[in-house]
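Just so it is clear, none of the values below were taken in a lab; they were calculated from the coordinates. Predicted, not measured: the structure shown is a model, and the values here were computed from it. With ideal geometry, Cβ positions are generated from the backbone for all residues, glycine too; neighbour counts draw on all protein chains shown.
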Amino acid sequence: MSKVLIIGAGGVGGVVTHKCSQLVDVFEDIVLASRNEEKCKKIAAQLNRPIETAQVDADNVPELVELINLIKPDMVINVALPYQDLTIMDACLEAGVHYLDTANYEPLDTAKFEYKWQWAYQEKFKKAGLMALLGSGFDPGATNMFTAYIAKHYFDEIHTLDIIDVNGGDHGYPFATNFNPEINIREVTAECRHWEDGQFVETPAMSTQQSFTCPEGVGTYNIYRMYHEELESLTKHFPTLKKAQFWMSFGDAYLKHLEVLGNVGMTGIDPVEFNGQQIVPIQFLKALLPDPASLGPRTKGKTCIGCIVTGIKDGKEKTVYLYNICDHQECYAEVQSQAISYTTGVPAMIGAKMMLEGKWMKPGVWNMEQLDPDPFMDDMNKYGLPWTVIEDYKH
Ligand code: NDP
């Protein structure tokens, strides 16, 4: 039985806290801390058992260390923003506790999605006898596990990977993002990169699209190729991959709004002076947009996220598709959140469970696919994200 400190009380933080609180045997004590303690208290009030809450500025290492030393958790689950990854990792090292996050570090001033900053902590965590698990959300996270599971059980060698993330949900707003608007817009407006023949190839954002029909009647959607951080770790850890691509569905209204906002400079990340004050346009835009945590009661429809892998088994070529379908309203009924936060929060809870139960615990900094996918995949079925495999999949 263990004590966890969850940092970040947004959409994902709410789900992680709900899911951890459902498993008393694993997560005996829970503390939820964020910049604004009121948000933690609101989440705590939704639960069936008491948890502690705290206020912390996760950009401030000494403040974090003080809180961790006071609480003495076994591990920290970081579901604040990617900007806080390194400060929280530093604090975990100083205080001697394990670490988990769901998104790779990004510097505030450049929209870069790279693991190099966090991989650089490998020796420090190893020496300290501590574990850091990177990217334990859905994508990255479950998608890394899907790839590892398919590679382990269905192939001798994998050659191509297509990660397809469809959100068939509708929240009724003309424009809103399903998770933190700043992080979401930085991600979708970044140059596209995909892996081909041993290197990343750059193409303009949103310049490649196709139509994709989801299984089980979820529907047919336009999906756009974009860069996503798990491509970096998966192509490193599965060197037989000749091509790896990430695709995400977007509605026409979302793309039109994004184009207009981009054209007028509202998605910019460089500060501009306005009435004697420095304002970062994308941060101002975030203040105007609906809070992703508020979309829960309004969102209807399903997500369908999965991996299509081709490769060789016993000398023959084959294609395997492994996916999860998640219903926005069922998620809301269970944890008062829409499916985007749910599909991120559940794998974060399972990743933490894998570490605390000792199934994955080993010193160092690890991406998900470096660990055995089997116990994680079993828990996906048990704790709200059941998956299906189609062998010999045909597009
Ligand atoms: P939100 O913006 O809803 O929540 C972030 C929370 O972190 C807020 O409570 C915020 O506080 C808090 N926070 C921000 N800065 C600090 C700070 N300096 N100190 C303490 N707390 C802070 O984001 P989401 O819940 O949507 O996303 C959380 C994380 O999950 C992000 O890193 C995101 O990239 C990741 N994610 C990963 C996905 C995956 O599949 N792997 C998918 C979706 C999200 P405040 O309320 O005061 O702003």
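Looking only at residues in region 256-302 that are assigned to a loop (DSSP other than H, G, I, E, B) and hydroxyl-bearing (Ser, Thr, Tyr), the one that is farthest from the chain's Cα centre (by Cα) is THR267. If you check VAL16 against the conditions, is it under 23 Å from ILE350 (Cβ atoms) and within 15 Å of the ligand (Cβ to nearest atom)? Here the answer is yes, as VAL16 does meet what is asked.
For PHE179, the conditions (1) buried (at least 22 other Cβ atoms within 10 Å of the Cβ); (2) out of contact with any strand residue (DSSP E or B) (no Cβ under 6 Å at 6 or more places or on another chain) all hold with the exception of (1). Would you say SER21 is polar (S, T, N, Q) and either closer than 17 Å to ALA54 by Cα or touching a His at 6+ places or on another chain (Cβ under 7 Å) (or both)? It is true that SER21 is polar (S, T, N, Q) and either closer than 17 Å to ALA54 by Cα or touching a His at 6+ places or on another chain (Cβ under 7 Å) (or both). Kindly check whether there is at least one residue in region 186-194 that is within 12 Å of the ligand (Cβ to nearest atom) and among the basic types (Lys, Arg). Checked against the condition, which is being within 12 Å of the ligand (Cβ to nearest atom) and among the basic types (Lys, Arg), region 186-194 yields at least one hit.
Residues of region 98-130 that are touching a helix residue (DSSP H, G or I) at 6+ places or on another chain (Cβ under 6 Å) and aliphatic (A, V, I, L, M): LEU100, ALA103, LEU108, ALA111, ALA128.
Within region 95-121, being assigned to a loop (DSSP other than H, G, I, E, B) and farther than 17 Å from GLY8 by Cβ holds for GLY96, PRO107, ASP109, THR110, ALA111, LYS112, PHE113, GLU114, TYR115, ALA120, TYR121. In the set LYS42, LYS72, only one residue is among the basic types (Lys, Arg) and either within 22 Å of the chain's Cα centre (by Cα) or closer than 21 Å to TYR342 by Cα (or both); that residue is LYS42.
This table checks each residue for (1) closer than 23 Å to ILE282 by Cβ; (2) out of contact with any strand residue (DSSP E or B) (no Cβ under 9 Å at 6 or more places or on another chain); (3) surrounded by 19 or more Cβ atoms within 10 Å (Cβ to Cβ); (4) among the basic types (Lys, Arg).
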position: ALA80; (1), (2), (3), (4): yes, no, yes, no
position: LEU86; (1), (2), (3), (4): yes, yes, no, no
position: GLU94; (1), (2), (3), (4): no, yes, no, no
position: LEU100; (1), (2), (3), (4): no, no, yes, no
position: ALA103; (1), (2), (3), (4): yes, no, yes, no
position: ASP109; (1), (2), (3), (4): yes, yes, no, no
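The set of residues from region 108-166 being free of Cβ contacts under 8 Å to residues at least 60 places away in the same chain and acidic (Asp, Glu) comprises just one member, GLU123. Cβ-Cβ contacts under 9 Å between residues 6 or more apart (or on different chains), taken from a first residue in region 299-318 that is free of Cβ contacts under 8 Å to residues at least 40 places away in the same chain to a second residue that is outside any loop (DSSP other than H, G, I, E, B) and surrounded by 22 or more Cβ atoms within 10 Å (Cβ to Cβ), are listed as GLU317/GLY311. Reported count of residues in region 155-172, each being more than 18 Å from PRO239 (Cβ to Cβ), out of contact with any Cys (no Cβ under 8 Å at 6 or more places or on another chain) and away from the ligand (no atom under 16 Å from the Cβ), is 2. Among the residues of region 53-101, those identified as within 13 Å of the ligand (Cβ to nearest atom) and small (Gly, Ala, Ser) are ALA54, ALA58, ALA80, ALA91.
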